[in-house]
Amino acid sequence: MDSKILSAIGLNMDPGILFIILFLAVVIMAVCLFVLLVRYGRIKASYDIFMQGKKGKNLEEQIAGLFEDMEELKVTSDKNKKDIKRILVNLKETYQRVGIVKYDAFKEMGGKLSFSIALLNNNATGFILNSVHSSDGCYVYTKEIINGECAISLGDEEKKALTLALQEDNIRER
């Protein structure tokens with residue numbers, strides 16, 4: 001069977017064959033459409049589950065909450081950095097270096113009940129506390145230390161205590 005329309009456009013073929021070819025094309029497209037709809041359904045189901053977060057929150061709310069949390073963390077971090085800097089400045093003024101020497105001030109006492117203790121900050125400034133124990137009583141006095149030096153002469157035990165406090169082993173790097 002010949003078709004005048006097919007002959008007019010330059011196709012000399014039987015309309016039945018053309019019908020079968022078009023029918024097969026429609027069936028192939030229908031199968032492709034079905035596969036795509038099944039895949040779309042799976043993706044949509046995954047998307048719906050993904051968008052429902054904990055307790056029904058959607059993803060947009062969760063992301064907004066995370067940004068708020070990040071801002072809070074940034075503020076807290078900045079505050080912590082400032083606090084740490086302030087602490088480090090204050091730490092330089094604390095007594096970090098210690099030297100202690102126990103001794104027997106009077107040989108007849110029979111014990112090392114007297115002591116000299118040097119307490120210095122990171123700048124080697126502080127004081128020496130000297131306690132002399134005798135049979136008459138206990139006497140305590142201090143001497144000021146500025147930059148590792150004392151304006152008043154030091155006794156042997158006080159010098160030892162100051163030397164111990166100034167040793168590199170007693171310095172903690174900050």
Could you go through segment 12-28 and let me know if any residue there is touching a helix residue (DSSP H, G or I) at 6+ places or on another chain (Cβ under 8 Å) and either loosely packed, with under 10 Cβ neighbours inside 10 Å or free of Cβ contacts under 8 Å to residues at least 12 places away in the same chain (or both). yes
Which listed residue, of Ser153, Ser135, is of a type outside the set (Phe, Trp, Tyr), free of Cβ contacts under 8 Å to residues at least 12 places away in the same chain and not in a helix (DSSP H, G or I): Ser153
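Does Ser131 meet the test of being touching a Cys at 6+ places or on another chain (Cβ under 7 Å) and either modelled with pLDDT under 95 or within 30 Å of Ser46 (Cβ to Cβ) (or both)? Write out each step before concluding.
Details: touching a Cys at 6+ places or on another chain (Cβ under 7 Å): yes; either modelled with pLDDT under 95 or within 30 Å of Ser46 (Cβ to Cβ) (or both): yes.
Yes, satisfied.
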Is it true that some residue in segment 76-97 is in contact (Cβ under 8 Å) with a residue 60 or more places away in the chain, surrounded by 10 or more Cβ atoms within 10 Å (Cβ to Cβ) and touching an Asp or Glu at 6+ places or on another chain (Cβ under 9 Å)? no
Residue that is surrounded by 17 or more Cβ atoms within 10 Å (Cβ to Cβ) and touching a Lys or Arg at 6+ places or on another chain (Cβ under 6 Å), where the choices are Leu162, Leu129, Leu120: Leu120
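The values are calculated or read from the model by the stated rules, or taken from the named source; none is laboratory data. These figures come from a predicted structure and were not determined experimentally. Ideal geometry is used to build each Cβ from the backbone, glycine not excepted, and the neighbour counts take in all protein chains shown.
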